[in-house]
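Chemist: Mind looking over this structure? Questions follow.
The values are calculated or read from the model by the stated rules, or taken from the named source; none is laboratory data. Computed from a predicted structure; not experimentally measured. Note that we place each Cβ from the backbone using ideal geometry, even for glycine, and neighbour counts take in every protein chain shown.
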Amino acid sequence: MDKLLLSILGVFTFGVINLIGDEGGIISDKIPSLLQTVISKQLDNNKLWYRYICEEREIIDELTNSGKVINSESKTYTWIHTNLQSFSKLIAINGARYDNSFLEAQDKKINQLITNVAAMSQQKKNKLSHETQLERERGVLPTLFKNFLMAFLFSHQGEQEINGIKTLVIGFSPHDNFEISSRDSLFLTKIQGQLWVTKKNNQIIRFTAILNDDIQYLAGILGSIKKGATITFEQADIGNGLWFPTFKTLTYRKDTIFKNSYLRRTNLFRNYRLNPLFKKQSLVQVENLQ
């Protein structure tokens, strides 16, 4: 169930939209073309993300009804992506780093898996590539942005400066005519929120949304994610015009037959660098994110 919640270009239909131009006039036709550009860039960013190695720290907080943290656990990983697979190397738990022998053993295992794939027949590689691509597209953010332009109505909500960067604030709410293609996209009919788009280069720097209705599994038999769940993520320019995630947090109440819980899941990303496997094709210098 977590995967569904934690798990957008075609014909576009928009409501009445107004956008303030640089000269202060009302321009009614800018958001459709603007968002086409924004979402196209975001989908490109999502694909290029899998050419990079990065460090991720995941923090899971168990909360009381009032939002107080009663238990917290964290894990730190290094993510290694290839065209055909993604691998996570566990670095630390609750801030305690593993010793070199454990880290080296993981490196050895990952390298062996990469070698095994390289030795596969082309038919098996094609099958693995297809399965990997499907898996990468099932997450909540890829599903969101593949369907974004069709799933929502948009409104201009002003301008704001974030970290010294001028942005447009665009609100979104569910489009009544959007038809879900699978249960993985059910959440698109039940969320509303805002995105902040950089004025200079049309990149998403911040996104936030709230679930405005419960999401139930098998009519509630297997439980539900409760109304009021929130998701926020932020991105930064890591170099060469690439915008990758730096922060993501999901807060939600989950009810199941066996247990009710109130959780906050936070992911912090930093230290992006191009996977050496891709350096022959494209040399890219990126900064370390602190």
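Chemist: Residue check: is Leu103 more than 26 Å from Lys47 (Cβ to Cβ) and in contact with a His (Cβ under 7 Å, 6 or more places away or on another chain)?
Modeler: When the stated conditions are applied, Leu103 does not pass them.
Chemist: To continue, here is another question. Which members of region 45-56 meet the condition of being of a type outside the set (Val, Ile, Thr) and over 12 Å from Ile204 (Cβ atoms)?
Modeler: Across region 45-56, the qualifying residues are Lys47, Leu48, Trp49, Tyr50, Arg51, Tyr52, Cys54, Glu55, Glu56.
Chemist: Scan region 146-176 for residues that are of a type in the set (A, V, I, L, M, F, W, C), crowded, with 20+ Cβ neighbours inside 10 Å and in a helix (DSSP H, G or I) and report the count.
Modeler: Here the count works out to 3.
Chemist: Residue by residue through region 52-68, note down the ones that are modelled with pLDDT under 95 and among the β-branched types (Val, Ile, Thr).
Modeler: Ile53, Thr64, listed by residue number.
Chemist: Can you tell me which residues in region 232-252 are hydrophobic (A, V, I, L, M, F, W, C) and either within 10 Å of the chain's Cα centre (by Cα) or not in a strand (DSSP E or B) (or both)?
Modeler: Phe233, Phe244, Phe247
Chemist: Only one residue in Phe87, Phe102 is surrounded by 14 or more Cβ atoms within 10 Å (Cβ to Cβ) and not acidic (Asp, Glu), so which one is that?
Modeler: The unique qualifying residue is Phe87.
Chemist: Same structure again: Pick from region 105-145 the residues that are surrounded by 12 or more Cβ atoms within 10 Å (Cβ to Cβ) and outside any helix (DSSP H, G or I): which of them is farthest from the chain's Cα centre (by Cα)?
Modeler: Among residues in region 105-145 that are surrounded by 12 or more Cβ atoms within 10 Å (Cβ to Cβ) and outside any helix (DSSP H, G or I), the one farthest from the chain's Cα centre (by Cα) is Met120.
Chemist: Tell me the residue from Ile215, Ile180, Ile231, Ile204 that is at pLDDT 95 or above, touching a helix residue (DSSP H, G or I) at 6+ places or on another chain (Cβ under 8 Å), on the phi < 0 side of the Ramachandran plot and of a type outside the set (Lys, Arg), please.
Modeler: The match here is Ile204.
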